[in-house]
Amino acid sequence: RRRLYLAVDRLLPNSMAEAAQIERHVGIDCQRQTVVPNAADPNFAEADAQLFEREYGLRDFILYVGRIEPRKNQLGFLRALRGSHHPVVFLGEVVPGQEDYLDACRHEAGDNVHFLPRIGNLDPRLASAYAACRCLALVSWFETPGLAAIEAAMTGAPLALTERGSTREYFGDFASYARPGSRRSIRAAVEQAIDRGRDSRLAAHVMKSFTWRIAAERTLEAYRDVC
């Protein structure tokens, strides 16, 4: 992989944090890199919360979107919220080979926890879930920063995110952050996010900085620089 990195004219990391890691571990300085941020479709901002509520009978829940696997830390999240009465919705399929991890999550989960299958990005029910939730939690061991966080932020949903990766670079003071190995830290971040409530400033920040049009423009700039 290092040989491949060194052969390219320009690398396109999705954050300054990732660019710094590439420079540190591969030896490619930031002058040969152009940061192209992760992004989401602006249509998420037009979500209708009632669509998800009508289909699943759920609203004002903590939402956790992503593949079910150890890196996403669903089990740590459930243990952190043990005894909490907040409804929790997981959206995502188990990674093949991680069925035991899903079983452990189900064993830890109370009656307030709902495991639902993955909903595709183009399905309006996903945007509706973001609009219906009390907060999005994503306390993985590492995120860059997680497309679900950007999508949820477009609806103004409060965010409780891992501190590892590029989450702060994307969301700054608009999100609450947790140490993924600390149950106390995870629970505090979730409670802070819920107390924070929905924020139109967060939605405006993401719409200004993290759309696919912006990502495409940055990519085009990178090609022009090397051609």
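Structural remarks
- Database remark: amide H of Tyr177 closer than 5 angstrom to the amide H of Leu161 (H placed geometrically; neighbours at sequence offset of 5 or more, or on other chains; Pro and chain starts carry no H).
- Taking Cβ atoms as reference points and 10 Å as the exclusive limit, the residues near Arg118 contribute a net charge of -1, counting Lys and Arg as +1 and Asp and Glu as -1.
- Using a Gaussian network model of the chain in which every pair of alpha carbons under 10 angstrom is joined by a spring, one finds that among Arg125, Arg134, Arg32 the greatest mean-square fluctuation is at Arg32.
- The chain: relative contact order as a whole-number percent, Cα under 8 Å and 6+ apart: 24 percent
- The chain: calculated mean residue ellipticity at 222 nm from DSSP helix runs of at least 4, using -39500 (n - 2.57): -13000 deg cm²/dmol
- The GluC sites (Glu not before Pro) of segment 1-96 that meet both conditions, a loop assignment by DSSP and at most 16 other Cβ atoms within 10 Å of the site Cβ, are Glu93.
- For the pair Leu6 and Arg71, label points projected 7 Å from Cα toward Cβ lie 2.5 nm apart.
- Kirkwood Rh in Å, taken over all unlike Cα pairs in the chain: 18.3 Å
- Sequence-distant residues sharing a close amide H with Val113 (under 5 Å, placed H): Val88
- With a simple spin-label model that places each label point 7 Å from the Cα along the Cα-to-Cβ direction, the separation between Lys208 and Asp123 comes to 3.4 nm.
- In plain terms, the chain from Ala216 to Asn112 could stretch by 33.4 nm, reckoned as 0.36 nm per residue minus the Cα-Cα distance.
- Using R0 = 45 Å, the C-beta based FRET efficiency linking Glu191 and Arg54 works out to 0.95.
- Taking Pro117, Pro158, Pro145 as the candidate residues, the one with maximal mean-square fluctuation in a Gaussian network model of the chain, Cα springs under 10 Å, is Pro117.
Rule-based calculations on the coordinates, nothing more; no lab input. In this text the structure is predicted, and so the values were computed from the model without any measurement. Cβ sites come from the backbone with ideal geometry, for glycine too, and all protein chains shown count toward neighbours.
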